[in-house]
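Since the structure comes first, as structure tokens, the remarks are kept for the end.
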Amino acid sequence: MKKIEAIVRPHAVDNIREALFEAGVHGMTMMEVKGVGRQKGHTEVYRGAEYQVDFLPKIKLEIVAPDDRVEDVVSIIIKAAKTGKVGDGKIFILPAEDAIRVRTEETGDEVL
């Protein structure tokens, strides 16, 4: 199994969640994060004062999927999050050694 971490624009989250649910992927964790990359920041004006916003708001999604579903999950995320502009995000795929359902102590792919 693999852990898929996707850093995406906040407005893409609902589309991603709906597309994953339709594909039968029901478990994920979402965190509000801030980051900087090629998109860089932007300038904002607050009460007449101009200031630079370097870290932009993003959403980090974490999904653990069986090895045979990883390509599908990644493809769904890309399709739902892609605008073609700088700042669409990144996806990281990491090995996940095991998963344990706390309630029943089941392990492995069946807990996903």
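Which residue out of Ile93, Ile78 is aliphatic (A, V, I, L, M) and more than 17 Å from Asp109 (Cβ to Cβ)?
On the way: Ile93 fails: more than 17 Å from Asp109 (Cβ to Cβ).
Of the residues listed, the single one that is aliphatic (A, V, I, L, M) and more than 17 Å from Asp109 (Cβ to Cβ) is Ile78.
Of all residues in segment 16-59, those that are of a type outside the set (A, V, I, L, M, F, W, C), surrounded by 15 or more Cβ atoms within 10 Å (Cβ to Cβ), out of contact with any Leu (no Cβ under 8 Å at 6 or more places or on another chain) and farther than 19 Å from Leu112 by Cα total 1. Taken as a whole, the structure leaves Lys60 outside the set of residues that are in contact (Cβ under 8 Å) with a residue 60 or more places away in the chain and under 13 Å from the mean Cα position of the chain (by Cα).
Taken together, the values in this text are just the output of simple stated rules run on the coordinates, not laboratory data. Model, not experiment: these values are computed from the prediction. Cβ: placed from backbone, ideal geometry, glycine included. Neighbour counts: every protein chain shown.
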